[in-house]
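Where a number appears in this text, it was derived from the coordinates with a stated rule and is not lab data. This structure is a prediction, so every number in the text was calculated from the model and none was measured. Here the Cβ positions follow ideal geometry from the backbone for every residue, glycine too, while neighbour counts run over all protein chains shown.
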Amino acid sequence: MTTPRGVRNRNPGNIDFNPRNDWQGQIGKEPGGRFAIFDTPENGIRALGKLLINYRGKDGMPGVGGKGIDTVLETISRWAPSNENDTQAYAGAVAKRLGVRATDPINIKDAATLRGMVVSIIIHENGGNPYTPAIIDEGIRRALV
């Protein structure tokens, strides 16, 4: 069985490489691909969490949630655009894991909520979560600093 790309790259959210994003622990771009490579999974998880927190200040979807991106549906629509993903199914799976509806407002700066979103994205992007709770918790801690 092949290790998923996100795990190999220590980038479990499959974050696109962008030279303007000087992520802590980003050590390059996968050869011949588009995704960033991180030095540790904790820093890859940190970047994933930081991006989700940063989305909060962006424009959300009209008629969904409150001002800005504050629902699972809006977050996943930004994270995994429908031109590449079944965004509705992705958002539905994440919302189910969080125990909310996809259009319910969430507080992404709450550690438990952020952790739930991050773990759900890791599972969706990699077909499972290979990380220990300690690795996830450290990535979340770094994202919230």
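Across segment 64-80, the residues whose backbone nitrogen lies under 13 Å from the label position 7 Å along the beta-carbon direction of T103 are 64-66, 71-74. Can you work out the PRE-style zone for K96? Point 7 Å along Cα to Cβ, and I want the residues of segment 33-67 with backbone N under 13 Å. Label zone hits: none. Were the residues from A112 through E30 laid out at 0.36 nm apart, the gain over their Cα-Cα distance would be 26.4 nm.
Listed peptides 120-129, 32-41 appear in the order 120-129, 32-41 once ranked by packing, highest mean of other Cβ atoms within 10 Å at the front. 3J(HN,Hα) couplings calculated from phi for segment 120-126 with the Karplus curve 6.51 cos²θ - 1.76 cosθ + 1.60 (θ = phi - 60°) are, in sequence order, 4, 5, 4, 4, 5, 6, 10 Hz; Gly and Pro show x. For F17, nonlocal amide neighbours, meaning residues 5 or more places apart or on other chains whose placed amide H falls under 5 Å from its own, are F35, A36.
In the chain, the calculated helix contribution to ellipticity at 222 nm averages -14000 deg cm²/dmol per residue, counting -39,500 (n - 2.57) for every DSSP H run with n ≥ 4.
Under 5 Å from the amide H of K29 lie the amide H atoms of I37, each residue being 5 or more positions distant or on a separate chain, with H modelled from the backbone and absent for Pro and chain starts.
Computed 3J(HN,Hα) for segment 19-31, one whole-Hz value per residue from the Karplus formula 6.51 cos²θ - 1.76 cosθ + 1.60 where θ = phi - 60°, is x, 6, 8, 8, 5, 4, x, 6, 10, x, 10, 4, x, glycine and proline marked x. The amide H of D104, built 1.01 Å from its N in the peptide plane, has V72 as neighbours under 5 Å, considering only residues 5 or more places off or on other chains. The calculated FRET efficiency for the pair R141 and R8, based on their C-beta separation and a Förster distance of 30 Å, comes to about 0.80.
For segment 57-68, the Karplus equation 6.51 cos²θ - 1.76 cosθ + 1.60, evaluated at θ = phi - 60°, returns couplings of x, 8, 5, x, 8, x, x, 10, x, x, 6, x Hz by residue, with Gly and Pro reported as x. With a Förster radius of 30 Å applied to the beta-carbon distance between A134 and D22, the computed FRET efficiency rounds to 0.70.
Given +1 at the Cβ of Lys and Arg, -1 at the Cβ of Asp and Glu and no other charges, the dipole of the chain around its Cα centre is 120 debye to the nearest 20.
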